[in-house]
Amino acid sequence: MNQFAEQYVRLVLAVGQHDADYVDAYYGPPEWRKEAEAQKLPLAEISMRAASLAQAIAAAKPVATADEMARLRYEYLSRQLEAVRARVSMLTGTKLRFDEESKALYDAVAPVHTEAEFQAILSKLEAMLPGRGPLIDRYDEFRKSYIIPKDRLDTVFKAAIDACRSRTLQRIQLPAGESFTVEYVTNKSWSGYNWYQGRYRSLIQVNTDLPIYVDRAIDLACHEGYPGHHVYNVLLEKNLLRDRGWIEFSVYPLFSPQSLIAEGTANYGIEVAFPRQERIEFERRVLFPAAQLRPETAARYYQVLDLVDQLSYAGNEAARRYLNGDIDAKAAADWLEKFGLYSRPRAEQRVRFIEQYRSYVINYNLGKDMVARYIESQGGDRWQAFARLISSPRLPSELVANARR
Ligand SMILES: [Zn+2]
């Protein structure tokens with residue numbers, strides 16, 4: 001299997017030569033990357049090599065009595081390779097429908113939601129934010145009181161990161177020397193990004209193009225850092241790459257099932273680290289004062305945000321319609337504004353994200369819901385189930401199949 005894993009890593013690096021977003025992290029042998037750059041294999045050749053690797057792997061299926069980790073490794077590598085093949089086929093011009101694409105790349109399909117479902121949630125928000133003019137304007141106005149002033153941003157983020165880190169370290173053991181740095185950047189289609197560097201280090205970038213609201217501090221600190229992406233990558237590197245020598249975990253192809261697990265655990269991890277009441281308490285006591293906001297309004301702020309969060313699947317609908325060619329970019333932004341309560345600049349930023357990352361959007365909300373159902377169905381301690389999940393190779397479809405009912 002190690003030999004197949006090496007071929008897989010080399011194929012992912014080869015695809016990276018054709019797709020700048022593809023290789024999200026690589027910390028395997030540096031000469032493999034240099035070779036990929038020098039060779040610059042054509043897509044047709046990559047496609048042929050991937051097909052014969054898939055055949056070889058299929059012939060090496062472990063017996064049913066093999067140890068669980070060996071079976072998980074096998075299934076994971078096979079499915080990741082399938083996603084490589086799907087991405088290569090897209091890069092050579094194959095057009096997939098939104099759901100076909102998300103199935104091929106992320107091993108999951110997002111449920112369809114109707115306008116009426118979003119409308120029901122919007123009506124509740126109408127009642128919570130009374131006044132004249134469109135709801136989106138009232139919501140925007142309401143949120144203005146929760147913007148972190150630019151000169152307080154770093155202080156607030158540091159406080160959030162410290163809290164997420166200490167909560168995580170109480171429950172998950174991390175290797176010594178893990179750390180990350182934070183940078184503030186502009187002109188990106190995303191709001192935050194974790195660039196995992198290997199050797200237990202991450203670079204986290206925060207986009208300051210648009211105003212940053214106070215809830216983003218805990219969200220970003222948990223999602224990008226602890227117990228989200230940083231911890232996920234650190235544990236994969238420690239447990240699978242270094243301890244077991246599974247080289248396939250030295251590379252992270254962005255458009256693959258791994259991303260649903262990564263985004264899903266990063267989003268679910270926010271709630272694991274900060275259950276709702278504890279979060280509001282912490283925001284009131286620490287973050288609101290640090291951001292010079294009114295702590296007594298924290299509980300109501302989160303009541304409103306909880307409702308807005310229920311609109312998140314409106315983003316998937318906008319992406320599905322737009323990428324299927326049913327609506328254009330402007331209509332997609334309109335849809336996000338109307339049913340997702342995105343302000344205009346945020347809706348336009350999101351459309352750019354959809355253009356760049358396409359059906360990747362489902363990994364955040366559907367991923368979170370799949371991870372939540374899986375972990376909560378295990379019973380027992382959430383932290384333990386969470387740590388187990390991010391230390392082993394599990395596929396999205398397996399989460400569904402193994403969620404105990
Ligand atoms: Zn993420």
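The values are calculated or read from the model by the stated rules, or taken from the named source; none is laboratory data. These numbers were taken from a predicted model, which means no experiment stands behind them. Because the Cβ atoms are built from the backbone with ideal geometry, glycine has one as well, and the counts that use them run over all protein chains shown. What goes into the accessible areas is simple: the full protein's heavy atoms, side chains included, and nothing from ligands, DNA or RNA. Shrake-Rupley method; radii C 1.70, N 1.55, O 1.52, S 1.80 Å.
Those residues that are of a type in the set (Ser, Thr, Tyr) and either within 13 Å of the ligand (Cβ to nearest atom) or open to solvent by 30 Å² or more (accessible area, probe 1.4 Å) (or both), I need them from segment 192-209; list them, please. Let's see the steps before the verdict.
As a first pass, look at segment 192-209 and keep what is of a type in the set (Ser, Thr, Tyr): 193, 196, 200, 202, 208.
Once the filter is applied, which keeps residues that are of a type in the set (Ser, Thr, Tyr) and either within 13 Å of the ligand (Cβ to nearest atom) or open to solvent by 30 Å² or more (accessible area, probe 1.4 Å) (or both), segment 192-209 yields Tyr193, Tyr196, Ser202.
Within segment 232-290, can you find the residues that are away from the ligand (no atom under 16 Å from the Cβ), more than 25 Å from Asp67 (Cβ to Cβ) and touching a residue at least 12 places away in the same chain (Cβ under 8 Å)?
Phe274, Arg276, Arg279, Ile280, Phe282, Glu283, Arg284, Val286, Leu287, Phe288, Ala290
One residue is enough: does segment 313-333 have a residue meeting the conditions in a loop (DSSP other than H, G, I, E, B), closer than 20 Å to Asp219 by Cα and within 21 Å of the chain's Cα centre (by Cα)? Explain how you work it out, then say what you get.
Residues of segment 313-333 that are in a loop (DSSP other than H, G, I, E, B), as a first pass: 324-328.
In the following step, the residues that additionally are closer than 20 Å to Asp219 by Cα were identified as none.
No, segment 313-333 has no match at all.
Looking at segment 38-113, what helices (runs of 4 or more DSSP H) fall wholly within it and have at least 3 residues that are closer than 21 Å to Gly264 by Cβ? Before you say what the answer is, go through the steps one by one.
Working: elements: 43-58, 68-91, 98-106.
Hits in segment 38-113: 68-91, 98-106.
Out of all the residues in segment 214-231, which are within 11 Å of the ligand (Cβ to nearest atom) and over 21 Å from Leu305 (Cβ atoms)?
His229, His230
For segment 333-374, how many residues meet the condition of being away from the ligand (no atom under 16 Å from the Cβ) and within 18 Å of Leu210 (Cβ to Cβ)?
15
Regarding segment 154-176, can at least one residue be identified that is at pLDDT 95 or above and assigned to a strand (DSSP E or B)?
No.
Write out, first by first residue and then by second, each pair whose Cβ atoms fall under 8 Å of each other, whose residues are 6+ apart or on separate chains, and whose first residue, in segment 373-393, is within 16 Å of Phe249 (Cβ to Cβ) while the second is open to solvent by 40 Å² or more (accessible area, probe 1.4 Å) and among the charged types (D, E, K, R).
Within 8 Å, the pairs are Pro393/Glu75.
Scanning segment 105-164 for residues that are among the aromatic types (Phe, Trp, Tyr) and farther than 30 Å from Arg358 by Cβ, which turns out surrounded by the most Cβ atoms within 10 Å (Cβ to Cβ)?
From segment 105-164, those among the aromatic types (Phe, Trp, Tyr) are 106, 118, 139, 142, 146, 157; that's our starting set.
Restricting the remaining residues to those that are farther than 30 Å from Arg358 by Cβ gives 142, 146.
Details: Phe142: 17, Tyr146: 21.
Checking each candidate, the answer is Tyr146.
Considering only segment 70-100, state which residues are charged (D, E, K, R) and open to solvent by less than 30 Å² (accessible area, probe 1.4 Å). Before the answer, list the steps.
Within segment 70-100, the subset charged (D, E, K, R) is 71, 73, 75, 79, 82, 85, 87, 95, 97, 99-100.
Residues satisfying the conditions are Arg73, Arg79, Arg87.
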